1. Step by step: first the residues of segment 164-204, then only those that are within 17 Å of residue 75 (Cβ to Cβ) and among the acidic types (Asp, Glu), then the one that is modelled with the highest pLDDT. Which residue is that?
2. Give all pairs with beta carbons closer than 6 Å in which a residue from segment 351-370 that is in contact (Cβ under 8 Å) with a residue 12 or more places away in the chain and within 20 Å of residue 390 (Cα to Cα) meets a residue that is among the small types (Gly, Ala, Ser) and crowded, with 23+ Cβ neighbours inside 10 Å; count only pairs at least 6 apart in sequence or on separate chains.
3. May I ask you to list the residues in segment 98-138 that are in contact with a Ser or Thr (Cβ under 9 Å, 6 or more places away or on another chain) and small (Gly, Ala, Ser)?
4. Can you confirm whether segment 344-351 contains a residue that is open to solvent by less than 60 Å² (accessible area, probe 1.4 Å), in a loop (DSSP other than H, G, I, E, B) and polar (S, T, N, Q)?
5. Residues of segment 352-374 being open to solvent by 100 Å² or more (accessible area, probe 1.4 Å) and in a helix (DSSP H, G or I), which ones?
6. For segment 119-144, which positions are assigned to a loop (DSSP other than H, G, I, E, B), surrounded by 15 or more Cβ atoms within 10 Å (Cβ to Cβ) and modelled with pLDDT of 90 or more?
Amino acid sequence: MIFEDMKSTARKEAFLAKRRAAVAGNTGEVEAMAAYILTERFNEDIQRLIEGDYYFDPPKLIFLRKARSDRRRRVYSFSEENKILLQFLTFMLMERYDDLFPDTLYSFRKSNPVGKLYQVIRRYDPHREKYIIKMDIRSFGESIDPVMLDKKLKPWLADEPELHAFIMWMISRNLYYRDGRLEEGFTSVLPGNPIVAFLQNVFLLEADSFMKENVSICSRYTDDICMICEDSSSAERLMEQLKKIITDLGLSLNEEKTCIVPPGVSYDLLGIRFAPDMTDIAENTFRKVSSKMKHRAESISRRVKNGRLTREDGLRLMAGYIRYYYYGSGEDDWISWTDKFFPFITTTESLKKLDHLSQECLRYIATGRRTNAKYRFRYQDIRDAGYVPLVRAYYDHSVCHDQNNSLHKRE
């Protein structure tokens with residue numbers, strides 16, 4: 001029983017070890033988790049759920065603005081301890097059920113990283129000669145019918161009646177706080193709830209199985225679907241069949257993002273742009289990184305201007321943030337931004353732009369200027385501050401990768 005297993009010290013330690021790897025460098029978050037789940041009170045909270053005492057407070061509804069859009073996404077935020085318990089529950093669900101999902105599914109997987117998909121696509125369609133089906137499910141987390149989900153979830157949790165009852169209670173009570181007021185309304189599977197990915201994957205198992213059975217190369221990551229086909233007629237046929245499966249589930253597609261991409265035309269998939277004879281960081285990935293860097297630079301600059309940081313401390317803080325964002329903590333089990341992208345991109349065009357952006361942020365912190373006066377802070381000063389250029393790091397990675405390949409071949 002999953003709830004009972006969550007009381008196990010061994011399971012708790014395994015969960016905390018996974019979290020340490022996921023948030024390397026942010027020990028405070030794991031310490032807060034440990035301070036709760038390693039106590040008897042946590043065991044008592046689990047027992048309350050087993051007994052049907054669903055003590056969780058209604059979550060808070062918040063709105064997140066989508067990139068390059070006036071639309072806002074609904075997300076439900078839980079109290080800190082409720083969130084920790086749900087994260088632990090998600091870990092347990094992953095351990096128990098991950099192997100039952102098709103290997104074409106890349107969200108909520110413990111051993112099916114997106115990098116594996118990048119490699120498969122590059123081998124299968126290196127020159128962009130295939131037809132690409134791209135589909136996007138509109139407002140996926142907010143559109144799942146709880147009654148239909150219940151029918152699909154019961155077989156999975158047939159031997160977990162207490163867990164099944166708790167999950168259905170959580171997504172069916174339709175209560176939440178908005179601006180401090182308790183309101184009632186349809187919440188679906190509560191986007192923001194850590195177990196949402198598992199519920200979405202159960203709900204779309206029919207669609208994932210259809211893709212696996214009919215296409216050699218395909219993938220789904222949450223609401224983003226991709227299938228690679230040899231010819232246009234099979235692409236059109238498969239897209240219509242999959243559309244029917246999805247709409248029969250009560251879901252709708254974002255028609256602006258649902259299309260067939262012909263051979264020779266670039267397309268973006270999960271952060272990577274696949275173009276004829278070239279892969280690069282997708283434009284949306286570039287925008288996200290740019291936004292994060294600019295936001296952090298503005299935040300640090302305000303603290304410098306308010307006298308809460310010296311300019312030297314602000315520069316050190318910004319340089320440390322950039323280094324950690326791109327390269328991680330250096331721990332062996334930490335997957336950094338560059339670890340994710342370097343093995344799969346074949347050009348440095350976007351990396352050059354990100355290098356320029358990062359250096360401009362450092363110059364802004366160092367000088368407090370956006371004019372040409374910021375160039376008084378020279379490139380060597382940037383390097384002295386600890387900045388490692390992405391282009392250089394990429395070539396170092398490529399050389400190391402080539403040497404490792406040569407070594408393996410000789411062995």
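1. The residue in question is 183.
2. 365/314
3. Residue satisfying the conditions is 107 alone.
4. yes
5. Taking segment 352-374 as the starting set, the residues that turn out to be open to solvent by 100 Å² or more (accessible area, probe 1.4 Å) are 352-353, 356, 369-370, 372.
Hits for segment 352-374 are 352, 353, 356, 372.
6. Step one: filter segment 119-144 for residues assigned to a loop (DSSP other than H, G, I, E, B), giving 125-130, 138-139, 144.
Next cut, surrounded by 15 or more Cβ atoms within 10 Å (Cβ to Cβ) only: 125, 128, 130, 138-139, 144.
125, 128, 130, 138, 144 - these are the residues of segment 119-144 that are assigned to a loop (DSSP other than H, G, I, E, B), surrounded by 15 or more Cβ atoms within 10 Å (Cβ to Cβ) and modelled with pLDDT of 90 or more.
For (1) within 26 Å of residue 146 (Cα to Cα); (2) not small (Gly, Ala, Ser), each residue gets a yes or a no:
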residue	(1), (2)
217	no, yes
237	no, yes
243	yes, yes
250	yes, no
258	yes, yes
262	no, yes
269	no, yes
273	no, yes
281	no, yes
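Per-residue answers, yes or no, for (1) within 21 Å of residue 294 (Cα to Cα); (2) modelled with pLDDT under 95; (3) within 28 Å of the chain's Cα centre (by Cα):
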{"position": "352", "(1), (2), (3)": "yes, no, yes"}
{"position": "357", "(1), (2), (3)": "yes, no, yes"}
{"position": "374", "(1), (2), (3)": "yes, yes, no"}
{"position": "400", "(1), (2), (3)": "no, yes, yes"}
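The values are calculated or read from the model by the stated rules, or taken from the named source; none is laboratory data. Note that the coordinates shown come from a computational prediction; the quantities given were computed from them, not determined experimentally. All Cβ positions, glycine included, derive from the backbone under ideal geometry; neighbour counts span all protein chains shown. With ligands, DNA and RNA removed, areas are computed over all heavy atoms of the protein, side chains included. Shrake-Rupley method; radii C 1.70, N 1.55, O 1.52, S 1.80 Å.
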